[in-house]
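Read the figures in this text as sums done on the coordinates, not as results from a lab. Everything numeric here is computed off the predicted structure, so don't read it as measured data. Glycine gets a Cβ as well: all are built from the backbone with ideal geometry, and neighbour counts include every protein chain shown.
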Amino acid sequence: MSRDTILYKINKIIALLKHPTELRAAIQLKFFRKIPFPRDLANERETESICYNFLFKTGRSYAPVIMELNPELRNVIMLFYLVLRALDTIEDDMTLDNEVKIPLLKSFHLKLNSFDWTFNGNGPNEKDRELLVQYNNVLIEYHKIKPFYQQVIKDTTQKMEDGMAYYITNNDIGLTGLKTLKDYEDYAYYVVGVVTEGLIQITTKAGYNDPILLDNMYLSKSMGVFIQQPIVIRDYKEDLDEGRSFLPEEVWSKYAKHLSDFAQDEYLDQGVYCISELVLDDLKYVEDVLLFLSLVYDPSAFSFYAIPATLGMATLVEIFQNPLVLRTKINAQF
């Protein structure tokens, strides 16, 4: 851990101690929050329990939000998350040759037709590989939910896998990033916006939000893009170390000849200017996000959507004019 990272973490702790109300709320949420719909562990199926264990292992930031939902919807969203987490595990695994990875990605939605498909081909250090090794448990539970929900999950998976395959095979993506702001927006849409569209179909079917959201899917896209773009900015250094970037050349080229220049001390100020411009660009979605949230009626569903949006805003606050983004990975205070 670098000196800058250590100092950053110390400053975060000090900042939290200076805000006792926030500290108290964080402690209450983590240790004393009562789940409105506790799991019925005595009657839970073995495969269902395995799936929830994977949710807690692979989606620690999402699990608390999902657990707030009523049991029927909770199971659906939990399975939705695990299917896409498994897909993402294949996409993220740099040890898989593209000759294996791309056909697997493009056919991943078809695996949902099976009850027993598993995959043991991930690299030994891929952190969520065990989810794919025991993927048959996800498939068994998937076939127990209503056909409408199954179809939404399958359709969303197909859209995401197509987007992933495109960005893997697009030779223009590398250390130069994406070309335009439109490309940058489209990438964020494929990562999160597509998922948000699927979630809206599910929560609308359950009667949790205004059906008008189905006729205004641009709001779902805005929500997804708003949540994802701060993550892309935050992960600048991590992505660069892996030989890729998703920042738009249309913006970063105003401040440097090469995207990797921002990692050098002499380009630190220019890198901060670039980050700040991208943060301001993401703020254009705020009005759509607020309108989206105003159309969600159920309290548990509102929290489900509002918490990631709030975390997105907190991340923007944390990375705005913050040179540490160019040196390490920043975590928002939330």
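Descriptive notes on the structure:
- Stretchable slack from residue 99 to residue 291, in nm (0.36 nm times residue separation minus alpha-carbon distance): 64.8 nm
- Separation of the residue 217 and residue 42 label points, Cα + 7 Å toward Cβ, nm: 4.5 nm
- Kirkwood estimate for the range 28-187, i.e. one over the average of 1/r between Cα atoms, Å: 17.1 Å
- Potential extension, residue 49-residue 18 segment - 0.36 nm per residue separation minus Cα distance: 7.1 nm
- For the chain, the 222 nm mean residue ellipticity estimated from helices alone, with every DSSP H stretch of n ≥ 4 adding -39500 (n - 2.57) and the total spread over all residues, rounds to -18500 deg cm²/dmol.
- Zero-based 5 Å bins, Cα pair distances in the range 102-183, whole percents: 3, 13, 17, 20, 19, 12, 9, 6, 2
- In summary, the convex hull built on the alpha carbon positions of the range 180-307 has an orientation-averaged projected area of 8.1 nm².
- Rg/Rh ratio calculated on Cα atoms of the chain (Kirkwood radius): 0.96
- Per residue Cα convex hull volume in Å³ - calculated over the range 233-334: 100 Å³
- Exposure proxy order (Cβ contacts within 10 Å, fewest to most) of 114, 245: 114, 245
- Charged-residue dipole, Cβ positions (Lys, Arg, Asp, Glu), the range 254-334 about Cα centre, Debye nearest 20: 140 debye
- Each residue of the range 69-75 was assigned a 3J(HN,Hα) from its phi angle through the Karplus expression (A = 6.51, B = -1.76, C = 1.60, θ = phi - 60°), giving 7, 5, x, 4, 5, 4, 4 Hz with x at Gly and Pro.
- Total lysine pairs in the range 173-290 at Cα distances under 15 Å, for residues eight or more apart or on different chains: 5.
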